[in-house]
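Right, I'll just put the structure down here and ask away after.
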Amino acid sequence: MIGRVVLAALLAGIAAGLIMGVIQHVRLTPLILAAERFEAQPPVATHDHGEGHDHDHDHDHGGWHPADGWQRSLATTITAAMTGAAFAAVLAGISLIAGIPITRGNGLVWGLCGFLAVTLAPAMGLPPELPGMVAGDLGVRQWWWAATVALTAAGIFLIASRREAWAVVLALVLIAIPHVVGAPNAIHTESNVPAELAARFAANAIAASAVFWLLIGLFLSLALGRAAGDVYER
(Lines give C-alpha, C1' and ligand atoms only; values in the text may rest on other atoms or scores of the structure.)
Protein backbone atom coordinates (compact mmCIF):
# COMPACT_ATOMS: atom_id res chain seq x y z
CA MET A 1 0.00 0.00 0.00
CA ILE A 2 2.80 2.40 0.83
CA GLY A 3 4.24 1.77 -2.61
CA ARG A 4 0.98 2.93 -4.14
CA VAL A 5 1.13 6.10 -2.05
CA VAL A 6 4.69 6.79 -3.19
CA LEU A 7 3.75 6.23 -6.84
CA ALA A 8 0.71 8.49 -6.51
CA ALA A 9 2.86 11.19 -4.89
CA LEU A 10 5.48 11.01 -7.64
CA LEU A 11 2.88 11.23 -10.40
CA ALA A 12 1.15 14.16 -8.68
CA GLY A 13 4.43 16.01 -8.20
CA ILE A 14 5.53 15.44 -11.79
CA ALA A 15 2.20 16.75 -13.09
CA ALA A 16 2.53 19.90 -10.97
CA GLY A 17 6.15 20.27 -12.08
CA LEU A 18 5.25 20.12 -15.77
CA ILE A 19 2.80 22.97 -15.30
CA MET A 20 5.40 24.85 -13.26
CA GLY A 21 7.84 24.45 -16.14
CA VAL A 22 5.41 26.25 -18.44
CA ILE A 23 4.92 29.03 -15.88
CA GLN A 24 8.68 29.43 -15.52
CA HIS A 25 9.12 29.61 -19.29
CA VAL A 26 6.48 32.32 -19.62
CA ARG A 27 7.00 34.38 -16.45
CA LEU A 28 10.52 33.81 -15.13
CA THR A 29 12.85 32.90 -18.01
CA PRO A 30 12.46 36.27 -19.79
CA LEU A 31 13.48 38.06 -16.58
CA ILE A 32 16.48 35.74 -16.11
CA LEU A 33 17.61 36.36 -19.69
CA ALA A 34 17.31 40.10 -19.14
CA ALA A 35 19.39 39.88 -15.95
CA GLU A 36 22.10 37.82 -17.64
CA ARG A 37 22.92 40.80 -19.86
CA PHE A 38 23.83 42.74 -16.72
CA GLU A 39 25.69 39.79 -15.20
CA ALA A 40 28.39 40.05 -17.87
CA GLN A 41 29.29 43.52 -16.57
CA PRO A 42 31.71 43.65 -13.58
CA PRO A 43 30.02 44.79 -10.33
CA VAL A 44 31.15 47.93 -8.58
CA ALA A 45 33.02 47.20 -5.34
CA THR A 46 32.43 49.52 -2.41
CA HIS A 47 33.73 48.64 1.06
CA ASP A 48 35.05 45.24 2.06
CA HIS A 49 36.41 46.49 5.41
CA GLY A 50 39.54 44.43 4.89
CA GLU A 51 37.68 41.18 5.42
CA GLY A 52 38.84 39.59 2.17
CA HIS A 53 35.36 38.75 0.86
CA ASP A 54 35.06 37.13 -2.55
CA HIS A 55 32.87 39.45 -4.60
CA ASP A 56 31.95 36.89 -7.24
CA HIS A 57 28.39 35.70 -7.25
CA ASP A 58 27.76 32.04 -6.65
CA HIS A 59 26.74 31.28 -10.22
CA ASP A 60 29.11 28.83 -11.84
CA HIS A 61 29.88 29.57 -15.49
CA GLY A 62 32.04 26.51 -16.06
CA GLY A 63 30.91 23.29 -17.70
CA TRP A 64 27.98 22.63 -20.01
CA HIS A 65 24.83 24.70 -19.83
CA PRO A 66 21.67 24.31 -21.91
CA ALA A 67 21.44 26.77 -24.76
CA ASP A 68 18.75 29.41 -24.81
CA GLY A 69 15.56 28.18 -26.43
CA TRP A 70 14.17 24.66 -26.32
CA GLN A 71 17.18 23.23 -24.46
CA ARG A 72 16.79 25.67 -21.61
CA SER A 73 13.00 25.27 -21.48
CA LEU A 74 13.30 21.47 -21.48
CA ALA A 75 15.95 21.48 -18.75
CA THR A 76 13.85 23.85 -16.64
CA THR A 77 10.72 21.73 -17.06
CA ILE A 78 12.53 18.49 -16.20
CA THR A 79 14.01 20.11 -13.09
CA ALA A 80 10.58 21.40 -12.05
CA ALA A 81 9.05 17.93 -12.52
CA MET A 82 11.77 16.30 -10.41
CA THR A 83 11.37 18.97 -7.73
CA GLY A 84 7.61 18.54 -7.72
CA ALA A 85 7.95 14.78 -7.33
CA ALA A 86 10.33 15.24 -4.39
CA PHE A 87 8.08 17.79 -2.65
CA ALA A 88 4.97 15.64 -3.16
CA ALA A 89 6.79 12.61 -1.73
CA VAL A 90 7.82 14.65 1.32
CA LEU A 91 4.23 15.80 1.91
CA ALA A 92 2.94 12.25 1.54
CA GLY A 93 5.61 11.00 3.96
CA ILE A 94 4.73 13.63 6.56
CA SER A 95 1.06 12.75 6.15
CA LEU A 96 1.70 9.05 6.77
CA ILE A 97 4.01 9.63 9.73
CA ALA A 98 1.63 12.11 11.35
CA GLY A 99 -1.42 10.03 10.58
CA ILE A 100 -3.18 12.98 8.95
CA PRO A 101 -4.65 11.95 5.57
CA ILE A 102 -4.35 14.20 2.54
CA THR A 103 -7.88 14.37 1.18
CA ARG A 104 -9.72 16.30 -1.49
CA GLY A 105 -10.98 18.55 1.27
CA ASN A 106 -7.57 19.54 2.63
CA GLY A 107 -5.19 19.03 -0.30
CA LEU A 108 -4.92 22.74 -1.02
CA VAL A 109 -4.24 23.41 2.67
CA TRP A 110 -1.33 20.96 2.57
CA GLY A 111 -0.01 22.74 -0.49
CA LEU A 112 -0.39 26.13 1.19
CA CYS A 113 1.53 24.91 4.24
CA GLY A 114 4.32 23.67 1.98
CA PHE A 115 4.47 27.07 0.27
CA LEU A 116 4.59 28.92 3.59
CA ALA A 117 7.42 26.75 4.94
CA VAL A 118 9.58 26.25 1.85
CA THR A 119 9.08 29.50 -0.07
CA LEU A 120 7.44 32.38 1.76
CA ALA A 121 9.21 32.14 5.12
CA PRO A 122 12.74 31.90 3.64
CA ALA A 123 11.91 34.60 1.07
CA MET A 124 11.28 37.07 3.90
CA GLY A 125 15.04 37.03 4.51
CA LEU A 126 16.44 35.68 1.25
CA PRO A 127 14.20 36.69 -1.65
CA PRO A 128 14.62 34.89 -5.00
CA GLU A 129 17.73 36.14 -6.79
CA LEU A 130 18.54 36.82 -10.42
CA PRO A 131 21.93 36.10 -12.03
CA GLY A 132 24.34 38.93 -11.32
CA MET A 133 22.78 39.87 -7.99
CA VAL A 134 25.00 40.30 -4.97
CA ALA A 135 24.72 37.68 -2.23
CA GLY A 136 26.41 36.62 0.98
CA ASP A 137 28.30 33.40 1.64
CA LEU A 138 26.54 30.47 -0.05
CA GLY A 139 27.08 27.99 2.79
CA VAL A 140 25.71 30.35 5.43
CA ARG A 141 22.67 31.15 3.29
CA GLN A 142 21.98 27.46 2.74
CA TRP A 143 22.12 26.76 6.47
CA TRP A 144 19.79 29.68 7.23
CA TRP A 145 17.37 28.57 4.50
CA ALA A 146 17.30 24.97 5.76
CA ALA A 147 16.82 26.07 9.37
CA THR A 148 14.02 28.43 8.38
CA VAL A 149 12.20 25.71 6.45
CA ALA A 150 12.56 23.18 9.29
CA LEU A 151 11.48 25.57 12.06
CA THR A 152 8.57 26.96 10.06
CA ALA A 153 7.38 23.47 9.15
CA ALA A 154 7.61 22.41 12.80
CA GLY A 155 5.62 25.46 13.85
CA ILE A 156 2.92 24.83 11.26
CA PHE A 157 2.69 21.19 12.32
CA LEU A 158 2.23 22.18 15.97
CA ILE A 159 -0.53 24.64 15.09
CA ALA A 160 -2.27 22.05 12.90
CA SER A 161 -2.02 19.14 15.33
CA ARG A 162 -2.35 20.69 18.80
CA ARG A 163 -4.81 23.12 20.30
CA GLU A 164 -3.12 23.82 23.66
CA ALA A 165 -1.93 27.37 24.31
CA TRP A 166 1.65 26.24 24.94
CA ALA A 167 1.76 24.56 21.53
CA VAL A 168 0.63 27.71 19.75
CA VAL A 169 3.16 29.83 21.64
CA LEU A 170 5.97 27.37 20.92
CA ALA A 171 4.96 27.27 17.25
CA LEU A 172 5.13 31.06 16.96
CA VAL A 173 8.53 31.08 18.69
CA LEU A 174 9.88 28.44 16.29
CA ILE A 175 8.61 30.35 13.27
CA ALA A 176 10.08 33.62 14.55
CA ILE A 177 13.56 32.34 15.49
CA PRO A 178 15.24 32.52 12.05
CA HIS A 179 13.85 36.02 11.44
CA VAL A 180 15.00 37.25 14.83
CA VAL A 181 18.47 35.88 14.11
CA GLY A 182 18.30 37.40 10.64
CA ALA A 183 19.28 36.19 7.21
CA PRO A 184 22.95 36.41 6.12
CA ASN A 185 23.79 39.85 4.81
CA ALA A 186 24.86 40.42 1.24
CA ILE A 187 28.42 41.39 0.37
CA HIS A 188 29.08 45.13 0.29
CA THR A 189 29.05 45.38 -3.50
CA GLU A 190 26.69 47.17 -5.83
CA SER A 191 24.81 44.95 -8.26
CA ASN A 192 24.38 45.80 -11.94
CA VAL A 193 20.90 44.27 -11.96
CA PRO A 194 18.24 47.02 -11.81
CA ALA A 195 16.21 47.01 -8.62
CA GLU A 196 12.95 47.06 -10.61
CA LEU A 197 13.95 43.90 -12.49
CA ALA A 198 14.99 42.16 -9.27
CA ALA A 199 11.69 43.09 -7.60
CA ARG A 200 9.67 41.81 -10.56
CA PHE A 201 11.54 38.52 -10.53
CA ALA A 202 11.10 38.04 -6.78
CA ALA A 203 7.37 38.73 -6.99
CA ASN A 204 6.88 36.46 -10.00
CA ALA A 205 9.00 33.67 -8.51
CA ILE A 206 7.06 33.71 -5.22
CA ALA A 207 3.71 33.79 -7.05
CA ALA A 208 4.77 30.93 -9.32
CA SER A 209 5.88 28.93 -6.30
CA ALA A 210 2.49 29.49 -4.66
CA VAL A 211 0.74 28.05 -7.73
CA PHE A 212 3.27 25.19 -7.82
CA TRP A 213 2.62 24.18 -4.20
CA LEU A 214 -1.15 24.49 -4.50
CA LEU A 215 -1.03 22.24 -7.57
CA ILE A 216 1.09 19.73 -5.65
CA GLY A 217 -1.45 19.66 -2.83
CA LEU A 218 -4.40 19.42 -5.22
CA PHE A 219 -2.93 16.71 -7.46
CA LEU A 220 -1.64 14.80 -4.44
CA SER A 221 -5.08 14.76 -2.86
CA LEU A 222 -6.59 13.50 -6.10
CA ALA A 223 -3.88 10.94 -6.80
CA LEU A 224 -3.80 9.41 -3.35
CA GLY A 225 -7.50 8.65 -3.27
CA ARG A 226 -8.20 5.16 -2.04
CA ALA A 227 -4.50 4.24 -1.80
CA ALA A 228 -3.97 6.58 1.13
CA GLY A 229 -7.23 5.52 2.74
CA ASP A 230 -6.13 1.89 2.80
CA VAL A 231 -2.85 2.80 4.48
CA TYR A 232 -4.42 4.98 7.19
CA GLU A 233 -6.94 2.26 8.01
CA ARG A 234 -4.15 -0.20 8.86
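The values are calculated or read from the model by the stated rules, or taken from the named source; none is laboratory data. Everything numeric in this text was worked out from a predicted model, so none of it was measured. So basically every Cβ, Gly included, is an ideal-geometry build from the backbone, and we count neighbours across all protein chains shown. The protein model used for the area step is the full one, side chains on, heavy atoms only, and it has no ligands, DNA or RNA in it. Shrake-Rupley method; radii C 1.70, N 1.55, O 1.52, S 1.80 Å.
If you plug each phi of segment 169-174 into the Karplus form 6.51 cos²θ - 1.76 cosθ + 1.60 with θ = phi - 60°, what whole-Hz ³J(HN,Hα) values come out, in order, with x for Gly and Pro?
Karplus-based 3J(HN,Hα) across segment 169-174 equals 5, 4, 4, 5, 5, 4 Hz.
Rounded to the nearest 10 Å², what accessible area does ILE94 show when all protein chains are kept and the probe is 1.4 Å?
Here the accessible area works out near 80 Å².
So, taking all protein chains as they sit and a 1.4 Å probe, how much accessible area belongs to LEU18, in Å² rounded to tens?
Rounded to the nearest 10, that gives 90 Å².
Say each of THR79 and ILE177 gets a label point 7 Å from the Cα, pointing the same way as Cα to Cβ; how far apart are those two points in nm?
So the two model labels end up 3.1 nm from each other.
Based on alpha-carbon atoms only, what is the radius of gyration of segment 75-234 relative to the globular estimate 2.2 N^0.38 Å? Before the final figure, lay out each step's value.
Numbers: Rg = 17.6 Å, N = 160, 2.2 N^0.38 = 15.1 Å.
Scaled against compact globular proteins, the figure is 1.16.
Whole-Hz Karplus ³J(HN,Hα) for segment 20-25, in order, using 6.51 cos²θ - 1.76 cosθ + 1.60 and θ = phi - 60°, x for Gly and Pro?
4, x, 5, 4, 4, 4
With a 1.4 Å probe and all protein chains left in place, how much accessible area per residue does segment 76-234 have, in Å²? Could you put the intermediate results ahead of the total?
Values: 8030 Å² over 159 residues.
It amounts to 50 Å² per residue over segment 76-234.
Another question, if that's okay. Give me a comma-separated list of calculated 3J(HN,Hα) values for segment 203-219, in order, Karplus coefficients 6.51, -1.76, 1.60 applied at θ = phi - 60°, integers in Hz, x for any Gly or Pro.
5, 5, 5, 5, 5, 5, 5, 4, 4, 4, 5, 5, 5, 4, x, 5, 5
Considering only protein heavy atoms, with the full assembly of protein chains and a 1.4 angstrom probe, order THR76, THR148 by accessible area, largest first.
On the way: THR76 40, THR148 0 Å².
Largest accessible area first, the list is THR76, THR148.
Could you report the accessible area of TRP110 in Å², rounded to 10, computed with a 1.4 Å probe on the protein chains as they sit in the structure?
Counting only protein heavy atoms, the figure is 40 Å².
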